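Worksheet: one structure, shown below.
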Amino acid sequence: MICADCSTEFAADALSCPGCRRLTHSAELEDLARRAQAAWRVGKFADERALWAESLALLPEDTVQHQRIAARIAEIDGQRAASTGTGESWWRGKAGMGIGPLLLLLLTKGKFLLLGLTKMGTLLTMLASLGVYWAIYGWAFALGLVISIYIHEMGHVAAIRGYGFPAGAPMFIPGFGAFIQMRGVALPPIPDSRIGLAGPLYGLGAALASLGLFYATGRPIWAVIAHFGAMINMFNLIPIWQLDGSRGLRSLTRTQRGMVLAAAGGLWAVLGIPMLGLVALGCAYRMFTKDWEDEPDQQGLMQFLGIMVALALVFVLSAGGAAVTQG
Ligand SMILES: [Zn+2]
Ligand SMILES: [Zn+2]
């Protein structure tokens, strides 16, 4: 064979030209890299690994690309080993959940106050009503909220495991719904969004179940649990810091973020739920953070909107049942 660039003669099976180091399979390698990148984006790590392995065979061993790809394959293998090796030890971190939802709600409200984004009156009313419910229902209310939050966290765990990530050690900051990134692994946009929204999705399930139990039994405690469960999960949808909503927006385009902004703002205006006003404000902020994706994530958008609308409905539908007991 003769090199197209430098006219050096070389063996037909050589991976690169000995004269100018031009890669024989550069077009194929580019294609493989593009497909591996696409597999990474949606969290199909087994496919990504296979594509990288294919490209290794086409690369001379003494190249930087070869080293980099070999390192990425080792990283994927390490991830897989860790996810099967650590077993079920993650739940031990849950012992810290005993601090109680009151402290946790105080903490989340504390962040609001620092932000200065919302009306003091609303917050104080919320805290006051929380205190009232606590006084009336005591442990039943506390237990209901803790279980709701636990189910929310289980959503994250299920999604993390679904992608084959190691779900080891305490990953969750109770109540904030944020989890610490696994071993410094940067999550691709789509898995990041799915894992983030899995918490509010499961949380919505818990709130819906509580609302169903309220309709079935007529016992107000279930309405109260549904109401506060919906509120906590709407809080987690605020797309700032490490909150779930922030991850949820990660995979969306700027236009899609605008759609979430419009929906949250509209729901806020119509239903008057302050938490959705904060979600809208967060979305407005994320219209300018320049961390949006260029490729639309239709499923992520639908998930965000669906969860938000359903939580707002549960919040409104449970308000009546919750209010009866307060007066
Ligand atoms: Zn050459
Ligand atoms: Zn969460």
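Could you list all residues from the range 195-253 that are within 14 Å of ligand 2 (Cβ to nearest atom) and on the phi > 0 side of the Ramachandran plot? Scanning the range 195-253 gives a single hit, Trp241.
Of all the criteria given as (1) free of Cβ contacts under 8 Å to residues at least 12 places away in the same chain; (2) over 28 Å from Ile160 (Cα atoms); (3) exposed (fewer than 15 other Cβ atoms within 10 Å of the Cβ), the one not satisfied by Thr63 is (1). If I ask for residues that are at pLDDT 75 or above, open to solvent by less than 20 Å² (accessible area, probe 1.4 Å) and outside any helix (DSSP H, G or I), which ones from the range 160-212 would you list? Of everything in the range 160-212, those that are at pLDDT 75 or above, open to solvent by less than 20 Å² (accessible area, probe 1.4 Å) and outside any helix (DSSP H, G or I) turn out to be Leu187, Pro188. Restricted to the range 144-159, and to residues that are closer than 14 Å to Ala226 by Cβ and without any contact (Cβ under 8 Å) to a residue 60 or more places away in the chain, which residue is farthest from ligand 1 (Cβ to nearest atom)? Among them, the one singled out is Ile147. In the range 256-302, the residue that is surrounded by the fewest Cβ atoms within 10 Å (Cβ to Cβ) out of those that are part of a loop (DSSP other than H, G, I, E, B) and of a type in the set (Val, Ile, Thr) is Thr289.
Which residues, counting only those in the range 267-290, are closer than 21 Å to Ala207 by Cβ and not aliphatic (A, V, I, L, M)? Steps first, please.
Applying the first criterion (closer than 21 Å to Ala207 by Cβ) to the range 267-290 yields 267-268, 270-280, 282.
Scanning the range 267-290 gives Trp268, Gly272, Pro274, Gly277, Gly282.
Sort out which residues of the range 41-58 are at pLDDT 90 or above and either within 16 Å of ligand 1 (Cβ to nearest atom) or aromatic (Phe, Trp, Tyr) (or both), and write them in order of number. Result: Trp52, single match.
Name every residue in the range 303-312 that is surrounded by fewer than 22 Cβ atoms within 10 Å (Cβ to Cβ) and either in contact (Cβ under 8 Å) with a residue 60 or more places away in the chain or assigned to a loop (DSSP other than H, G, I, E, B) (or both), in order of residue number. Steps first, please.
Step one: list which residues in the range 303-312 are surrounded by fewer than 22 Cβ atoms within 10 Å (Cβ to Cβ), which gives 303, 305-306, 309-310.
The answer is Gln303, Ala310.
Could you please find all residues in the range 3-23 being surrounded by 12 or more Cβ atoms within 10 Å (Cβ to Cβ) and outside any loop (DSSP other than H, G, I, E, B)? Ser16, Leu23 - these are the residues of the range 3-23 that are surrounded by 12 or more Cβ atoms within 10 Å (Cβ to Cβ) and outside any loop (DSSP other than H, G, I, E, B). Among the residues of the range 24-58, the ones that are under 27 Å from Glu295 (Cβ atoms) and not in a helix (DSSP H, G or I) come to 5 in all.
The values are calculated or read from the model by the stated rules, or taken from the named source; none is laboratory data. Owing to the predicted nature of the structure, the values given are computational and were not obtained by experimental measurement. Please note: Cβ atoms are built from the backbone with ideal geometry, for glycine as well, and neighbour counts cover all protein chains shown. In case anyone asks, the SASA skips ligands and DNA or RNA and just uses the protein heavy atoms, side chains included. Shrake-Rupley method; radii C 1.70, N 1.55, O 1.52, S 1.80 Å.
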